[in-house]
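Colleague: Quick one: the structure is below, questions incoming.
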Amino acid sequence: MSIQEEIRFRLSQELRPSKLEVVDFSEEHSGHAGNPENKAEGTHIKIVLISSAFLGKSKVEQHRMVYSILQPWIDAGLHAIVLETGESE
């Protein structure tokens, strides 16, 4: 399973989103400070996530929820996260 698939699976389990997109664009940043080892995956991720788990939560709270789920990947070298969240009913 790719890192992108692992992240998608974990977010699906934890937040039960009505919409979830996970795009790994690490390869586009190969060789710069956030990806000096030229990794093809797992350093730069874009996530669009809509979930009822976010009802009544501010954007900061929503993002903190996602970051806490992503912590294992952040510890492993996930350098940049483009995150769009929203609540669904």
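Here, each number is a calculation from the coordinates, and none is a lab measurement. Just so you know, these numbers come straight off a predicted model, no measurement behind them. All Cβ positions, even for glycine, are placed from backbone atoms using ideal geometry, and neighbour counts span all protein chains on display.
Colleague: With θ taken as phi - 60° and the coefficients 6.51, -1.76 and 1.60, list the Karplus ³J(HN,Hα) couplings across segment 67-80 in order, rounded to whole Hz; mark glycine and proline as x.
Modeller: Calculated HN-Hα couplings, in order: 4, 5, 6, 7, 3, x, 6, 4, 4, 8, x, 5, 9, 9 Hz.
Colleague: Quick one: what are the phi-derived ³J(HN,Hα) couplings along segment 5-21, Karplus 6.51/-1.76/1.60 with θ = phi - 60°, whole Hz, x for glycine and proline?
Modeller: For segment 5-21, the Karplus-derived couplings read 5, 4, 5, 4, 4, 5, 5, 4, 5, 7, 10, 6, x, 7, 9, 8, 10 Hz, x marking Gly and Pro.
Colleague: What residues qualify as long-range amide H neighbours of LEU83, i.e. H under 5 Å apart, gap of 5 or more or another chain, H built at 1.01 Å from N?
Modeller: Sorted by chain and number, the residues that satisfy this are ILE47.
Colleague: Still on this model: Tell me which residues come under 5 Å, amide H to amide H, from PHE25 once H is placed; ignore anything under 5 positions away on its chain.
Modeller: Amide H to amide H, under 5 Å and 5 or more residues apart or across chains, PHE25 pairs with HIS44, ILE45, LYS46.
Colleague: Need one number: nm distance between label points at SER18 and LEU83, each 7 Å from Cα along Cα→Cβ, rounded to one decimal.
Modeller: Using points 7 Å along Cα→Cβ, the separation is 2.1 nm.
Colleague: Roughly how many nanometres apart are two label points built 7 Å out from the Cα toward the Cβ at GLU6 and VAL60?
Modeller: Going by the 7 Å Cα→Cβ label model, 3.1 nm.
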